[in-house]
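Heads up, the thing below is written out as structure tokens.
Readers should treat all values here as calculations from the given coordinates under stated rules, not as data from a laboratory. Predicted model only: the values in this text are computed from it and were never measured. When we count neighbours, we look across all protein chains shown, and the Cβ atoms used for this are built from the backbone with ideal geometry, even at glycine.
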Amino acid sequence: MMVNKWLKTKNAKIYLTAGILALGLAAALSGCTGTKETDSTEISAPTAPESDADTRESQPSPVRPDGREYEETVKPTEPLPETIPAFPGADEVEEPDNGHGPMGPGGVEERLGDNMAIIGTDIHYLSRELTDGGPGFQYMVEHGDGKVVTYIEQITDAFLEEVIRKQPDVLILSGDLTLDGEKKSHQELAQKLYSVKEAGIPVLVIPGNHDINNHHAAQYKGEDRFPAEFTTPQEFREIYGDFGYNEAISEDRTSLSYVYELDDKNRMLMLDTCQYKGKALVGGAILTDTYDWIEAQLEDAWDNGMNVIPVAHHNLLDESEIYVDDCTIEHGEQLVQLLEEWDVPLFLSGHLHVQHAKRSGDNRGVWEMVTSSLATPACQYGRLDLWVDGSFVYETCAVDVEGWARRHSRKEIELLEFEAFKEPFLRRVFYNQSNDVLEKNPDIPEEERERMSRLYSDLNYHYYQGNACLIKEETMKNPDYKLWLNDGFFTVLSDYVEYIVRDAERDYNKVELLK
């Protein structure tokens, strides 16, 4: 909020109705590692894994990429993640250097700014008591949306242990805490969060679209899927009371939004953007009364000389041209206007499962950092170093699952060799996504379908990592890309492929704003 205070008068403030404000894409930067702007920006499984608590089985469960339930008749898949052969042509894939070097606990540990926060999102935790890892579950893992839910308990434990080791000023979890809002999953995850709180690190949570009144909450046995108890808004507030709500200095009466005062300079504006009256919806919105509350909180923070860091599950800006309706906050222009009025420098969100970043204006405006899903390779989180003047550095770190597995004497090869496991797993899922769609067109030969699916898998993998710029040029020269533009035109995946290439202007894993 570093603006001239004389601009911040009630008479000077105006609201923006839907459609008036054109949200501009941040100025294109050359190369994948980014360039600097003056005084502004640089972009640079039959055998279940064991639990640390006991030896009970633990296999989470996936859902369809479009959020709909799977049909009752599912095809069992015999191979498990550790035994599934690579997709056709996988041995030809070479992993390029992403320019960042190894990420994770081996990276720089010293604080860069006055405060340091860790952001995790879209954990999609599933209680080990809700699945037996049967064939129905296994099929959904392989044909889902890329979440490594088979090992989500272990990934979560490794992440929380890493947070405790890094000792940030706060841990922020920006929604979709559970797979589909199962009450048992919420309760189990909350118990795990106490380890971070007991280490002296505040934990702040907000709900995601999967977390509350989700009638898709389920448990899995054999080939079947059964309903599980879902979570009401009141139950969510009760389960996570010790993680933001009970210590909030203000709570919104019409949503699960609240304000947490981190220290004498910073306040976290935790925004509930979910729609769950009656049942959960995918898209996000903010009620009129909540907007009034938000403005009051921004004004109060200004009067007290406090910085404000807003956090939401849904995206503030149109981070994806393909998923605007379900990802961007409905009529979010008003929120952009409010944040720009008070010169709020950044906004944290998730939901998209893709690592991304965007600014509401070319050289001024709010930077939005979209942290990718912790459950989806590279299974990473965001680290935010923040200065009192509003300067910040945001970058991603991958959870060191292998180190955690060795320290805890795990026996699962997938955990001990997680770096070798996670990329082929995600590529396999994306290959299946493409192949499942393309095989519906009998006019596409099998060999051509496989080539198109390999390209889709490679491109979408890098898009999820936030570094599709690394393969943009070679993709555009690849004849299989031309197949997508021709034979794949009848599917939404064709538009998706084109968008990824068009969007691949830079690496989205690091953003700096230096004042």
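Let me understand the stretch 269-345 better: what is its radius of gyration from the alpha carbons, and its Dmax, in angstrom?
13.1, 41
Compute the convex hull volume of the Cα atoms of the stretch 245-393, divide it by the residue count, and report the result per residue in Å³ as a whole number.
129 Å³
Quick one: grab Rg to one decimal and Dmax as a whole number for the stretch 158-267, Cα atoms only, in Å.
Gyration radius and largest Cα-Cα distance of the stretch 158-267: 15.1, 54 Å.
So what's the stretch 329-470 giving for Cα Rg divided by 2.2 N^0.38 Å, two decimals?
1.36
Taking the Cα centre of the stretch 460-515 as origin and charging only Cβ (+1 Lys, Arg; -1 Asp, Glu), how large is the dipole, in debye to the nearest 20?
Charge dipole, the stretch 460-515, about its Cα centre: 200 debye, nearest 20.
Report the gain in length on full extension from D292 to H331: 0.36 nm times residue separation, minus Cα-Cα distance, nm rounded to one decimal.
Residue separation times 0.36 nm, minus the Cα-Cα distance, leaves 12.5 nm.
How big is the shadow of the Cα convex hull of the stretch 347-431, averaged over all directions, in nm²?
Taking a quarter of the hull surface, the average projection is 7.6 nm².
Which semi-axes, in whole Å and largest first, does the equivalent ellipsoid of the stretch 305-349 have when worked out from the alpha carbon gyration tensor as the square roots of 5 times its eigenvalues?
Value: 21, 11, 7 Å, ordered largest first.
Convex hull over the Cα atoms of the stretch 228-296, averaged projected area in nm²?
Average projection, Cα convex hull of the stretch 228-296: 5.5 nm².
The stretch 100-223: Rg/Rh from Cα coordinates, Kirkwood Rh?
1.01
Can you give me the Cα centroid spacing of the stretch 288-334 and the stretch 148-206 in angstrom?
Using only Cα atoms, the two centres lie 24 Å from each other.
Considering the Cα trace of the stretch 173-215, what is its radius of gyration and what is Dmax, both in angstroms?
Just the Cα atoms of the stretch 173-215 yield Rg and Dmax of 10.9, 36 Å.
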